Structure formats: structure tokens, C-alpha cells
Amino acid sequence: MSAANAYKPSAYPPSETALLLLDYQNVLVNMAQDQEHKDKLVSSAKALLDAARQNDVTIVHCLIDTAQDPPPTNKATELWATVHRPLLASMTDSGAEYCDLAAASTSDGSKESVSVHPPGYRSVLVDDGIVSRLRGSNIKHLILGDVATSGAVLGTATHGTDLDFVVTVVEDACWDPNQGVHRALIEAVIPTQAWVTSVEEAVGYLSA
């Protein structure tokens, strides 16, 4: 790899790439009430997951630990206690990972794992140990799919680039309840620090 190309996703083979699937939990995926948007979101994320599994790429399912509360200093604390926690308690399996994207049963040698983080954080990289595991596997390029764009994808993309990872955000594998915000982030904000790409191009990075 030329140092001149180190900022490009294409500089890194699948062995140095990780797929991070962010917060694809029932309660969040089911917020996409437009069936066309929901189907596109799930099928795009599934295409990434299938390609990563077929090519022995490192996969991390990053999930909110709905049994925890946000840190007491976090602004989300009150909303979590009054709205989100009662909602989760009333809906069986609402915090579970969406079935089409759920982590496979893994052995000790598998490259597929689950990472959990408390609610209130925008970056999944706050989970103790996830960065050291990625570094230990010689991962330099992160591919992200996410619910929601204004939440974990923005936070993780920002955090990841600050940690010197090359970050690729897959547009069709992301969704936000505010489509205007989604478009602004995808078109104007995220490209200033990370790469935004199609499912087809991202599958190419996972298969090269």
C-alpha cells in the first residue's frame, strides 16, 4: 500500500476490513414504518453481512444494552427513563437484534462477534475492548451500516476517523426517522471525514 493512498478504502483488503452493524435492533428497525424504506435498509445490511461471512471478514454486531441506563451525566437520561425504558418493557424482544441480521452462533475461532454499549452513547467504539480487538486483528478500515444515521453512524464515523481508521458509511444500509437529516448527513456532513458509498461498492471492499 502506498502512503499516498492510505486514506482510501480501496487500499485495504478484506483481511484489514471490519463490518460494523450498528443498533439493528427490533425497536429501531421497526421505526421505519414505510415498508419500502425498511425493506431497502434490511436487504442492504443483509447483503453486507452475507458478503462479509463469505469472505471471512471481521464482523461486529454493535448493540445497545437495553438492560443498562445511560450515564447520569448524559442528557438522554430523563428521556430514557420516561419514554424508552417503559416502551422496551412493554414490547417483548424489542431490544433483540433484527432476526435477518442477527449474529450467527460463533466458535472461539470465529471472526463474528457481538459488542454492547450502554444507551446514550453515539459511538459504539466506547465499548471496552472493541478498539483493542480491532487493532489486534490488524483492522484499518471500518464499514458501517446503522440505525439511525443521526445517532450511531454519525458518532461512530466521527470517533472512528479520530482513532485513525478509514471509515466507509453505506448509504442504503442506514436510515433515520428524519429523512431530511439523513440526507444532510449523508450528502454534506459525513463525507467531510468518511467515505459514503453504495452497497455494491462496499461489497466489493469486502470481497476484493
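With the calculation restricted to Cα positions, what are the radius of gyration and Dmax of the range 13-207 in angstrom?
15.7, 45
Decide, for the range 112-208, between rounded, prolate and oblate: order the square roots of the alpha carbon gyration tensor eigenvalues as a ≥ b ≥ c, take rounded if a/c falls under 1.5, and otherwise choose prolate if a/b is larger than b/c, else oblate.
Oblate is the answer for the range 112-208, as a/c is 1.5 or above yet b/c matches or exceeds a/b.
Please state the charge dipole magnitude for the chain, taken about the Cα centre, from unit charges on C-beta atoms (+1 on K and R, -1 on D and E), reported in debye and rounded to the nearest 20.
320 debye
Could you tell me the center-to-center distance, by alpha carbons, between the range 118-154 and the range 87-104 in angstrom?
Comparing the Cα centres of the range 118-154 and the range 87-104, I get a distance of 19 Å.
Karplus couplings for the range 124-129 from phi (6.51 cos²θ - 1.76 cosθ + 1.60, θ = phi - 60°), rounded to Hz, Gly and Pro as x?
Ordered by residue, 3J(HN,Hα) equals 6, 6, 6, 4, 4, x Hz.
Starting from the 7 Å offset along Cα-to-Cβ, what nm value, one decimal, do you get for the label separation of Glu201 and Ala11?
About 1.7 nm, to one decimal.
What three numbers, in Å, describe the spread of the alpha carbons of the range 1-127 along their principal axes, ordered from the longest?
52, 34, 33
Percent relative contact order of the range 13-207, based on C-alpha pairs within less than 8 angstrom and at least six residues apart? Write down the numbers at each step before the final one.
Values: 349 pairs, mean separation 58.5, N = 195.
Computed value for the range 13-207: 30 percent relative contact order.
Choose one of Ser110, His84, Tyr12: the residue whose Cα lies farthest towards the positive end of the charge dipole of the chain (beta-carbon charges +1 Lys, Arg; -1 Asp, Glu; about the Cα centre).
Tyr12
Quick check on the range 41-112: take the gyration tensor over C-alpha atoms, sort the square-rooted eigenvalues as a ≥ b ≥ c, and tell me if it's rounded (a/c under 1.5), prolate or oblate.
prolate
No lab work stands behind these numbers, since they all come straight from the coordinates. Fair warning: this is a prediction, and the values are worked out from it, not measured in the lab. Glycine gets a Cβ as well: all are built from the backbone with ideal geometry, and neighbour counts include every protein chain shown.
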